[in-house]
Amino acid sequence: MDILNIKNYIQEAGQKARAASRAMARSDSGLKNKALEFIATIILQHQDQLLQENQKDMLTAGENGIESALLDRLELTPAKIETMAEGLVQITALPDPIGELSDMRYRPSGIQVGRMRVPLGVVGIIYESRPNVTVDAAGLCLKSGNAAILRGGSEALHSNLAIAGCIKEGLITADLDADAVQVIETTDRSAVGEMLRMPEHIDVIIPRGGKGLIERVSADARMPVIKHLDGICHAYIDSKADIDKAVEIAYNSKTQRYGVCNAMECLLVADEIAEAVLNKLVPMYIEAGVEIRGCEESIKLLPSIVAATEEDYATEYLAPIMSLKIVSSIDEAIDHINQYGSQHTDSIVSEDINRARRFIAEVDSSSVMINASTRFSDGFEYGLGAEIGISTDKFHARGPVGLEGLTSQKFVVIGDGHIKL
């Protein structure tokens, strides 16, 4: 497909999405939920086909030398397919935010003023590797009354197109506009540029993928962007922590999965309990194959570990590598997180409620946690049904972006013949 044809193709997709967004905005909850249920059922029915198409992508990715973290994101398994379907069913159980009125109040003039929650319109999503994003994005956009244009990575094309077929079949079965969710079928990179240049058809762009993709989208998009660049997540083990609890949380935060944005990349440990904690924790990391890069104080306790550089503390590894720093106080821990973190997810392990409250008040991240693994920073775990991404911005949405993050509000005024005097 040449450049001119790609431009026409993307423009046509935008026009169809705009028309479909108007139909979606007036669809009631029952119809949207029915579509989601149909899609979930069809995905399960087509599991074998989805696995076959995914294997094509996995084979090509392996031949192209794609790193293990991306392969992990790319692979579909029966369990992952079941989770995708379950996510759609969970979304049907969530309250529909569209049309919700709030803050209705009478003004001295006699008019009644409030706000009504409305869809954003057309949501463009550009993502890499993960085929499950196709399902999550479609489900959340449909339930929140939006249309979606989805552009997955070339490495997942077969998987995404197979999933798109299930979504389209579900929409048609529910008598909804089949163009409410469109998956871009070309792998040409110019398609991304065309999407970023048509604010008349796309109201917001959400990039999910590597830093290069997100930086490009942020720089070139002519519409608002919901994004996060890095997932440099921390766990801080306070001097008042329960050591056994701290060891389990820190181990899970790093090793439960490596190639995800909510995996812990840096462990901070209070100097008062560093020896007791690290003597238990470090052998567990070593057995799991995790490389530890530590500060001078930690190397005194653990001579076999690698010395950390300044760059290490600002790195999202997405791999079995982590940085370690022993700190003298909660103040030093908070300063370190606010300097090197990415405002994604940070956790404190402490039995001192006052220190825990300080931590969640002063750490400037989209998710802050007390005595819990950073791996819980996820729309599914937060009860959002699924997430379309995690935003570390402060506007328009922050943290896991679920249904409410895909809506806006407009003012509603109710009068009874009122005129301005």
Is the C-alpha gyration tensor of the chain telling us rounded, prolate or oblate? Criteria: a/c under 1.5 is rounded; beyond that, a/b larger than b/c is prolate, otherwise oblate.
oblate
Quick check: the distance between the Cα centres of segment 1-70 and segment 133-175, to the nearest angstrom?
3
Can you tell me how much longer the chain between Ala19 and Glu63 gets when fully stretched, taken as 0.36 nm per residue apart minus their C-alpha distance, in nm with one decimal?
11.8 nm
How big is the charge dipole of the chain about its Cα centre, in debye rounded to the nearest 20, if each Lys and Arg gets +1 on its Cβ and each Asp and Glu gets -1 on its Cβ?
1720
In Å and from the alpha-carbon atoms only, list the Rg and Dmax of segment 338-421.
18.5, 61
Kindly put Thr92, Thr173, Thr392 in sequence by how many other C-beta atoms sit within 10 Å of each C-beta, fewest to most.
Thr173, Thr92, Thr392
Between the residues Gly165, Ala361, Gln49, the Cα farthest towards the positive end of the dipole of the chain, that dipole coming from +1 and -1 charges on the beta-carbon of Lys, Arg, Asp and Glu, is from Gly165
With a cut-off of 13 Å, note down the residues of segment 146-187 whose backbone N falls inside the zone around a label point 7 Å from the Cα of Gln52 toward its beta carbon.
162
Nonlocal amide H pairs with Ser323, under 5 Å, H built at 1.01 Å:
Cys266, Leu267, Arg293
Suppose the chain between Glu82 and Phe411 were pulled fully straight at 0.36 nm per residue; how much longer would it get relative to their current alpha carbon spacing?
114.4 nm
So what J values fall out for segment 396-411 if you push phi through Karplus, 6.51 cos²θ - 1.76 cosθ + 1.60 with θ = phi - 60°, rounded to Hz, Gly and Pro as x?
8, 10, 9, x, x, 9, x, 4, 5, x, 9, 10, 10, 10, 10, 6
Helix 132-143 sits off the longest principal axis of the Cα atoms of the chain, rounded to the nearest 10 on a 0 to 90 degree scale, by 50
For helix 274-287, what angle does its Cα long axis make with the longest principal axis of the chain, in degrees from 0 to 90 and rounded to 10?
60
Check Ala148: other-chain or 5+ apart residues with amide H under 5 Å from its amide H, H built from backbone geometry?
Val123, Val181, Gln182
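Work out, step by step, the length gained on full extension between Gln256 and Asp72: first 0.36 nm times the residue separation, then minus their alpha carbon distance; give nm to one decimal.
Going from the current span to full extension adds 65.0 nm.
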Which three extents, in whole angstrom, do the alpha-carbon atoms of segment 1-85 cover along their principal axes, largest first?
44, 39, 21
Describe numerically, in nm with one decimal, the distance between label points set 7 Å from Cα along Cα→Cβ at Glu272 and at Glu332.
1.3
Between Ile232 and residues 5 or more places away or on another chain, which pairs have amide H atoms under 5 Å apart, with H built 1.01 Å from N, and which residues are they?
Ser342, His344
For the pair Glu291/Leu44, report the inter-label distance in nm, with labels modelled 7 Å from Cα in the Cβ direction.
4.3
For segment 233-376, compute Rh as the Kirkwood radius over C-alpha pairs and then the Stokes-Einstein diffusion coefficient at 4 °C and 1.567 mPa s; write the answer in µm²/s, rounded to an integer.
89
Taking the Cα centre of segment 233-376 as origin and charging only Cβ (+1 Lys, Arg; -1 Asp, Glu), how large is the dipole, in debye to the nearest 20?
440
Please report the spacing between the Cα centers of segment 327-401 and segment 224-247 in Å, no decimals.
6
In degrees, nearest ten, helix 353-362 long axis to first principal axis of the chain (Cα):
50
Packing-wise, with mean Cβ within 10 Å as the measure, how do 216-226, 102-112, 246-256, 130-140 rank, highest first?
130-140, 246-256, 216-226, 102-112
Which of the aspartates and glutamates could be linked to Lys168 by a straight reach, that is with a Cα gap under 15 Å, when you skip same-chain ones fewer than 8 residues away?
Glu37, Asp136, Asp177, Asp179, Glu185
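Computed from the coordinates by the stated procedures, all read-outs in this text should not be read as laboratory data. This one's a predicted model, so the numbers in the text were calculated from it and none came from an experiment. Glycine also receives a Cβ, built like all others from the backbone with ideal geometry; neighbour counts cover every protein chain displayed.
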